[in-house]
Structure formats: C-alpha cells, structure tokens
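Asker: This is the structure I want to talk about, given as structure tokens.
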Amino acid sequence: MNTPQEFAPLLAGLRGLPCAQGAALATLLRTRGATFRRAGARMLVYGDGRILRGLSAGCPEQDIAARAREAIAEDHARILRYDREHGYDALLEMGCGGELEVLIEPLREAADWAFAEHVDRLLQARESGVMATLFARAGGCLPRPRRWLWSPGLQVDALGDAGLSAQLREHAAQLPARRPPEVIELNSDSGPVAVLLERLDPPCAALLFGVNATALALARVLTQLGWVVYLIDHADDRVPELPLPPGTQRLHCAPQQVSAKLTTDMRSFAVVMTHNLERDLDYLRALRNVPLAYLGAVGARRRAAQLMEVCTGSRTPLRSPAGLDIGSETPEEIAIAIAAEMLAVANGTAGGPLSATQAPIHRSA
C-alpha cells in the first residue's frame, strides 16, 4: 500500500465482510510505462462484484473484478498481467499505454486478513515498519500469499523460512524513507521467490490551532485525505459554531500546555490560525522546538512578518502565509491552498503545476 490513508477503508471493508460471500484483494505488483497508480495500490472486490477503493478510473477494473470473482470461486490466488501479450483488450481501455501486473488473493475468513489487523495496530501506534508479501515461488503463484511484517515493536512471520526472513530483515534495515513498494527476487530453501516489499508509515497528523471557519474547512479536507486531524482550542468553554467534521478530534490546549499535552513526530503538520496575534505568537513559540514536518500560520503578509520573526531559528521553518498561491478568498479555498502545500511537503515535492515540468508524475523515491 503506497499511501497509509488507503488502509483504513479497506480494513473496514474486510471487517464487515459477509463470510458466505467472500471477497478478493487486488494488489498492483508491478507497473511499466504510464499508469494511474503504482505498485502497492489495492482494491477490494466483493463476491457480488462490488468494488471498494478502485485501482484507478483508467485501469481495467471491470476485468480485474471479473477475474477476482473467479479467484474467489476457485479459492486460489492468481496473477493477472495486462501487457502486449496478456489482456490486450483491457490494456487498450486504459488509454495511457501502461502495463500492469496484479495479484488477486481470495479472502474468506478473518485468518486471511490477519496481516491487515497487524498493520492497523502498527499504524495506530504511529510506528513505521516494513511488510513483505510472498506471492510466487519458482515462477508459480502461491495458493495463498504469505506475509512478513517487521517494526521495532512488532514482528509477524508467516513465511516458514528462517533464511528468507533473515534476508528480509536485511532489506528492511536498509529501506529508505519514501521508498515506493517494489517486487524483489530472493532465494529460499525451496527455490527462487518473488516478494512485494513495502514500507509502512503512519498517516500524517494535522494539528490545527484555532476553531474557526477556515480550520473547520481544512479539517474536512484533511480527514477526506485520511489524515489524523486534531482541532485545538486554547479554552475549555468554547463551542464551535459548526459541528466538527467526522473523524476530527477536538483538544483543549493552551500555548503553555503544548509540550505536556501534545506528542508530535516527523509526520506531524501544525497550522496556527487562531486569528489572535498574541495567541498565534504564543503557540508558535511553543512549537519552535518540537518535531514537525510542517509549520504554517495563516495571516496577511504584514502580520506574517511578525510571526516569522518569532520563529527565527525554529526547528521547522515557518511557512506564513500558509498555503499555495491559488488566489484563495473563501475559507474553503484557503483550506485547499493550505492542504495542497501540506500534501506537497508530505510527498517531498515542490507543489508546482504538473504542466510546467517534464518530470514523472509518480515519484520513484
């Protein structure tokens, strides 16, 4: 899975799975050329043909869904290839000229998706880890893929091969941040195997300081992206004029309580927007030395100069006015501008227009 926010809806769909109906998990293993998604993307196909989290609008999803229902009936995993030699008609439907390799694995009972429960616990604890999916041996697809999951606080090994597990530990120790999922070939006691290796990182967490229309709009955008969102107010007795977006958590935390009440890491994004200058300054002082991936503040340019001054030498450089320049006026437009800048930082990109560059849309690292 190449984005952590996709995991929660898939797991929810698995937990509510009617056992008699069954389902299949479709996972992109390899891609070549121009494709909408990359390795690690997944979708769930129910026995009745319904789809959860499609691989993309441009992929041959209906053909994959039909093959997935066959795999459910046969109770055996399979590998689909859409290239010049296989699935050519479906390949033409994509229109982008790319090629795909897809793993289809049937899911009939909770044991089939136990790995997903382990991943969920890992991400909920805001820990990073590595997952390996062993799907083929000696060129043939396994009836059921086997998983290996490693993190400092969790180790799950269903491979049954100590030598292979040792090789994976070496790979996991060297896997850099933002490394996209990839298939690697390894040797095992029973012959050569193919493994999908994925780095797992917790969802980004947004700390929004201030209860107002812009903060609520930003919370709505970020929760839809699958981020963990905290709406932070300085007082205990204030009630927001609008209901909180689903999934948003509200915290009472005055500036002097930041270090005691809030835990942050390098996947935490803070935006200060109380619309009270002195309070904004107090929050920024409190955030100067805590670990953050992003620190932003809302305000006009003259006001931003005062905010920037208090953040001189801070651990995370302040971005103020926060957001990309898209001509925002309304709270909703401002929220989109800020969310876009935060997402660009999370993905390690500059955030410029795609039309102004010839670089690949999907980053390789």
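Asker: Classify the stretch 200-358 as rounded, prolate or oblate, taking a ≥ b ≥ c as the square roots of the eigenvalues of its Cα gyration tensor: rounded when a/c is under 1.5, otherwise prolate if a/b is larger than b/c and oblate if not.
Answerer: Details: a/c = 1.32, a/b = 1.20, b/c = 1.10.
Rounded shape, in that the Cα axes give a/c under 1.5.
Asker: To continue, here is another question. Rank-order 150-163, 38-51, 66-79 by packing density, defined as the average count of other C-beta atoms within 10 Å over each peptide's residues, highest first. Before the final figure, lay out each step's value.
Answerer: On the way: 150-163: 14.5, 38-51: 19.1, 66-79: 17.4.
The peptides rank, most packed first, as 38-51, 66-79, 150-163.
Asker: Residues with beta-carbon under 11 Å from that of Arg30, excluding Arg30: net charge, scoring Lys, Arg +1 and Asp, Glu -1? Each step should come with its number before you reach the end.
Answerer: Details: positive: Arg32, Arg38, Arg81; negative: Asp83, Glu99, Glu101, Glu182.
My count for the surroundings of Arg30 gives -1.
Asker: Now a separate question. Report the charge-dipole magnitude of the chain in Debye, nearest 20, computed about the Cα centre from +1 at each Lys and Arg Cβ and -1 at each Asp and Glu Cβ. Could you put the intermediate results ahead of the total?
Answerer: Values: 38 positive and 41 negative charges, 137 e Å.
Roughly 660 debye, rounded to the nearest 20.
Asker: On the protein heavy atoms, probe 1.4 angstrom, tell me the percent of accessible surface of the chain carried by carbon and sulfur.
Answerer: Numbers: 8850 of 17460 Å².
C and S atoms contribute 51 percent here.
Asker: In µm²/s, what is D for the stretch 133-217 at 4 °C and 1.567 mPa s, where D = kT/(6 pi eta Rh) by Stokes-Einstein and Rh is the Kirkwood radius from Cα pairs?
Answerer: Values: Rh = 15.2 Å.
Reported coefficient: 85 µm²/s.
Asker: Remind me, what semi-axes does the chain give for its equivalent ellipsoid, largest first in whole Å, using sqrt of 5 times each Cα gyration tensor eigenvalue?
Answerer: On the way: eigenvalues 342, 97, 80 Å².
So the three semi-axes of the chain are 41, 22, 20 Å.
Asker: Which residue, Gln174, Pro143, Ser128, has the largest displacement toward the positive end of the dipole of the stretch 107-238 when charges sit on each Cβ (Lys, Arg +1; Asp, Glu -1)?
Answerer: Pro143
Asker: Now for a separate question. Of the beta bridges DSSP finds with both residues in the chain, what % are antiparallel, to the nearest 5?
Answerer: Working: 47 of 68 bridges.
Within the chain, antiparallel bridges account for around 70 percent of the total.
Asker: Now for a separate question. What ranking, highest mean first, results for peptides 301-310, 336-345 when packing means the other Cβ atoms within 10 Å averaged over each residue? Intermediate results must be reported in sequence, preceding the final value.
Answerer: Values: 301-310: 14.1, 336-345: 20.7.
So the peptides 301-310, 336-345, ranked by packing, come out 336-345, 301-310.
Asker: Rolling a 1.4 Å sphere over the protein heavy atoms, what is the accessible area per residue of the stretch 258-302, to the nearest Å²? Please list the in-between numbers first.
Answerer: Working: 2150 Å² over 45 residues.
Value for the stretch 258-302: 48 Å² per residue.
Asker: Based solely on its DSSP helices, what 222 nm [θ] is calculated for the chain when runs of n ≥ 4 H residues each add -39,500 (n - 2.57) and the sum is averaged over all residues, nearest 500 deg cm²/dmol? Spell out each step's value before the answer.
Answerer: Working: 10 runs with 108 residues, N = 365.
Calculated from helices alone, the mean residue ellipticity at 222 nm is -9000 deg cm²/dmol.
Asker: Under unit Cβ charges (Lys, Arg +1; Asp, Glu -1), what dipole magnitude, rounded to 20 debye, does the stretch 264-365 have relative to its Cα centre?
Answerer: Values: 10 positive and 10 negative charges, 71 e Å.
Here the size comes out at about 340 debye.
Asker: Please name whichever of Ala346, Val272, Leu164 sits farthest to the positive end of the charge dipole of the chain, dipole taken about the Cα centre and charges placed at Cβ: Lys and Arg +1, Asp and Glu -1.
Answerer: Going by the Cα projections, it comes out as Val272.
The values are calculated or read from the model by the stated rules, or taken from the named source; none is laboratory data. Quantities reported herein were computed from a predicted structural model and do not represent experimental measurements. All Cβ positions, glycine included, derive from the backbone under ideal geometry; neighbour counts span all protein chains shown. All accessible areas refer to the heavy atoms of the entire protein, side chains included, with ligands and DNA or RNA removed. Shrake-Rupley method; radii C 1.70, N 1.55, O 1.52, S 1.80 Å.
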